[in-house]
1. Tell me, which residue of the stretch 81-97 that is within 9 Å of the ligand (Cβ to nearest atom) and without any contact (Cβ under 8 Å) to a residue 24 or more places away in the chain is nearest to the chain's Cα centre (by Cα)?
2. If you go through the stretch 100-123, how many residues are touching a helix residue (DSSP H, G or I) at 6+ places or on another chain (Cβ under 8 Å), without any contact (Cβ under 8 Å) to a residue 40 or more places away in the chain and closer than 17 Å to ILE12 by Cα?
3. Kindly check whether there is at least one residue in the stretch 83-91 that is modelled with pLDDT of 95 or more and among the aromatic types (Phe, Trp, Tyr).
4. Go through the stretch 98-118 residue by residue and tally those that are surrounded by fewer than 12 Cβ atoms within 10 Å (Cβ to Cβ) and within 13 Å of the ligand (Cβ to nearest atom).
5. Test of understanding: among ASN69, ASN44, which residue is modelled with pLDDT under 95, under 19 Å from the mean Cα position of the chain (by Cα), away from the ligand (no atom under 14 Å from the Cβ) and within 30 Å of VAL34 (Cα to Cα)?
6. Which of the residues belonging to the stretch 1-22 are under 18 Å from the mean Cα position of the chain (by Cα) and either aromatic (Phe, Trp, Tyr) or modelled with pLDDT under 95 (or both)?
Amino acid sequence: MDSIKIEMFRNILKKEKKRVQAEIRSMEKENREVSQDFDSAGDNNFEDQIGDSASITFERERDFSLQQNRKDILRQIEIAIDSIDSGTYGICSRCHEPINERRLKALPYVEYCINCKKEEENY
Ligand SMILES: [Zn+2]
(Lines give C-alpha, C1' and ligand atoms only; values in the text may rest on other atoms or scores of the structure.)
Protein backbone atom coordinates (compact mmCIF):
# COMPACT_ATOMS: atom_id res chain seq x y z
CA MET A 1 0.00 0.00 0.00
CA ASP A 2 1.41 3.43 -0.86
CA SER A 3 2.25 6.01 1.79
CA ILE A 4 -0.55 8.39 0.78
CA LYS A 5 -3.13 5.70 1.46
CA ILE A 6 -1.41 4.72 4.68
CA GLU A 7 -1.60 8.33 5.88
CA MET A 8 -5.25 8.46 4.90
CA PHE A 9 -5.96 5.38 7.01
CA ARG A 10 -3.90 6.80 9.86
CA ASN A 11 -6.09 9.93 9.88
CA ILE A 12 -9.27 7.88 9.73
CA LEU A 13 -8.07 5.72 12.63
CA LYS A 14 -7.07 8.71 14.75
CA LYS A 15 -10.47 10.31 14.25
CA GLU A 16 -12.19 7.04 15.01
CA LYS A 17 -10.11 6.63 18.15
CA LYS A 18 -11.15 10.06 19.44
CA ARG A 19 -14.78 9.35 18.64
CA VAL A 20 -14.76 6.00 20.46
CA GLN A 21 -12.90 7.49 23.46
CA ALA A 22 -15.53 10.26 23.68
CA GLU A 23 -18.28 7.64 23.55
CA ILE A 24 -16.68 5.66 26.38
CA ARG A 25 -16.32 8.83 28.47
CA SER A 26 -19.93 9.83 27.99
CA MET A 27 -21.10 6.28 28.83
CA GLU A 28 -19.06 6.33 32.04
CA LYS A 29 -20.53 9.70 32.94
CA GLU A 30 -24.07 8.43 32.33
CA ASN A 31 -23.44 5.36 34.46
CA ARG A 32 -22.31 7.52 37.37
CA GLU A 33 -25.42 9.67 37.07
CA VAL A 34 -27.68 6.62 37.07
CA SER A 35 -26.10 5.19 40.22
CA GLN A 36 -26.32 8.55 41.99
CA ASP A 37 -30.02 8.84 41.17
CA PHE A 38 -30.59 5.36 42.46
CA ASP A 39 -28.59 5.83 45.66
CA SER A 40 -30.22 9.13 46.52
CA ALA A 41 -33.69 7.58 46.18
CA GLY A 42 -33.23 6.00 49.62
CA ASP A 43 -35.20 2.97 50.76
CA ASN A 44 -38.64 4.42 51.48
CA ASN A 45 -41.06 2.95 48.95
CA PHE A 46 -38.80 -0.03 48.71
CA GLU A 47 -41.50 -2.18 47.13
CA ASP A 48 -42.20 0.39 44.48
CA GLN A 49 -38.56 0.41 43.63
CA ILE A 50 -38.01 -3.28 43.11
CA GLY A 51 -39.26 -2.99 39.54
CA ASP A 52 -37.06 0.04 38.94
CA SER A 53 -33.99 -1.53 40.41
CA ALA A 54 -34.41 -4.59 38.19
CA SER A 55 -34.57 -2.40 35.12
CA ILE A 56 -31.63 -0.33 36.32
CA THR A 57 -29.60 -3.52 36.75
CA PHE A 58 -30.59 -4.56 33.27
CA GLU A 59 -29.64 -1.17 31.84
CA ARG A 60 -26.35 -1.20 33.68
CA GLU A 61 -25.53 -4.59 32.23
CA ARG A 62 -26.52 -3.47 28.78
CA ASP A 63 -24.45 -0.29 29.11
CA PHE A 64 -21.59 -2.35 30.41
CA SER A 65 -21.56 -4.64 27.39
CA LEU A 66 -21.86 -1.63 25.07
CA GLN A 67 -18.95 -0.07 26.89
CA GLN A 68 -17.02 -3.32 26.66
CA ASN A 69 -17.72 -3.43 22.95
CA ARG A 70 -16.39 0.14 22.55
CA LYS A 71 -13.29 -0.79 24.52
CA ASP A 72 -12.70 -3.75 22.20
CA ILE A 73 -13.00 -1.44 19.21
CA LEU A 74 -10.62 1.03 20.84
CA ARG A 75 -8.11 -1.75 21.38
CA GLN A 76 -8.39 -2.80 17.72
CA ILE A 77 -7.92 0.82 16.62
CA GLU A 78 -4.78 1.08 18.75
CA ILE A 79 -3.42 -2.15 17.27
CA ALA A 80 -4.12 -0.82 13.78
CA ILE A 81 -2.31 2.48 14.51
CA ASP A 82 0.65 0.53 15.92
CA SER A 83 0.74 -1.60 12.79
CA ILE A 84 0.88 1.55 10.64
CA ASP A 85 3.91 2.64 12.67
CA SER A 86 5.57 -0.74 12.26
CA GLY A 87 4.69 -0.97 8.56
CA THR A 88 2.39 -3.98 8.78
CA TYR A 89 -0.93 -2.19 8.40
CA GLY A 90 -3.51 -3.89 6.23
CA ILE A 91 -1.97 -7.33 6.69
CA CYS A 92 -4.25 -10.06 8.00
CA SER A 93 -2.98 -11.14 11.42
CA ARG A 94 -4.05 -14.73 10.75
CA CYS A 95 -2.89 -15.62 7.21
CA HIS A 96 -0.54 -12.62 6.74
CA GLU A 97 -2.00 -11.77 3.35
CA PRO A 98 -2.94 -8.16 2.53
CA ILE A 99 -6.52 -7.29 3.47
CA ASN A 100 -8.73 -6.07 0.66
CA GLU A 101 -8.67 -2.27 0.53
CA ARG A 102 -12.43 -1.97 0.23
CA ARG A 103 -12.75 -3.93 3.44
CA LEU A 104 -10.27 -1.60 5.15
CA LYS A 105 -12.19 1.43 3.96
CA ALA A 106 -15.38 0.04 5.46
CA LEU A 107 -13.68 -1.06 8.71
CA PRO A 108 -10.19 0.46 8.98
CA TYR A 109 -9.35 -1.45 12.17
CA VAL A 110 -10.15 -5.01 11.04
CA GLU A 111 -7.56 -7.59 12.05
CA TYR A 112 -8.50 -10.32 9.60
CA CYS A 113 -9.10 -10.58 5.90
CA ILE A 114 -12.58 -11.60 4.81
CA ASN A 115 -11.64 -15.29 4.39
CA CYS A 116 -10.13 -15.61 7.86
CA LYS A 117 -13.04 -13.71 9.35
CA LYS A 118 -15.44 -16.21 7.78
CA GLU A 119 -13.39 -19.12 9.07
CA GLU A 120 -13.29 -17.63 12.58
CA GLU A 121 -17.05 -17.27 12.57
CA ASN A 122 -17.66 -20.81 11.40
CA TYR A 123 -15.20 -22.19 13.87
ZN1 LIG B 1 -6.42 -13.79 6.46
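The values are calculated or read from the model by the stated rules, or taken from the named source; none is laboratory data. Please read all numbers here as calculations on a predicted model, not as lab measurements. Because the Cβ atoms are built from the backbone with ideal geometry, glycine has one as well, and the counts that use them run over all protein chains shown.
1. Residues of the stretch 81-97 within 9 Å of the ligand (Cβ to nearest atom): 91-97.
From what's left, without any contact (Cβ under 8 Å) to a residue 24 or more places away in the chain: 91, 93, 95-97.
On the way: ILE91: 20, SER93: 19, CYS95: 24, HIS96: 24, GLU97: 24 Å.
It comes out as SER93.
2. Of all residues in the stretch 100-123, those touching a helix residue (DSSP H, G or I) at 6+ places or on another chain (Cβ under 8 Å) come to 100-101, 103-104, 108-114.
Restricting the remaining residues to those that are without any contact (Cβ under 8 Å) to a residue 40 or more places away in the chain gives 100, 103, 110-114.
Those left that are additionally closer than 17 Å to ILE12 by Cα: 100, 103, 110-111.
Number of matching residues: 4.
3. yes
4. Let us first name the residues in the stretch 98-118 that are surrounded by fewer than 12 Cβ atoms within 10 Å (Cβ to Cβ), namely 102, 106, 118.
Of the ones still in play, those that are also within 13 Å of the ligand (Cβ to nearest atom) are 118.
Residues flagged as surrounded by fewer than 12 Cβ atoms within 10 Å (Cβ to Cβ) and within 13 Å of the ligand (Cβ to nearest atom) within the stretch 98-118 amount to 1.
5. Values: ASN44 fails: under 19 Å from the mean Cα position of the chain (by Cα).
Sole residue among the options that is modelled with pLDDT under 95, under 19 Å from the mean Cα position of the chain (by Cα), away from the ligand (no atom under 14 Å from the Cβ) and within 30 Å of VAL34 (Cα to Cα): ASN69.
6. Just the residues of the stretch 1-22 that are under 18 Å from the mean Cα position of the chain (by Cα), to begin with: 9-22.
Result: PHE9, single match.
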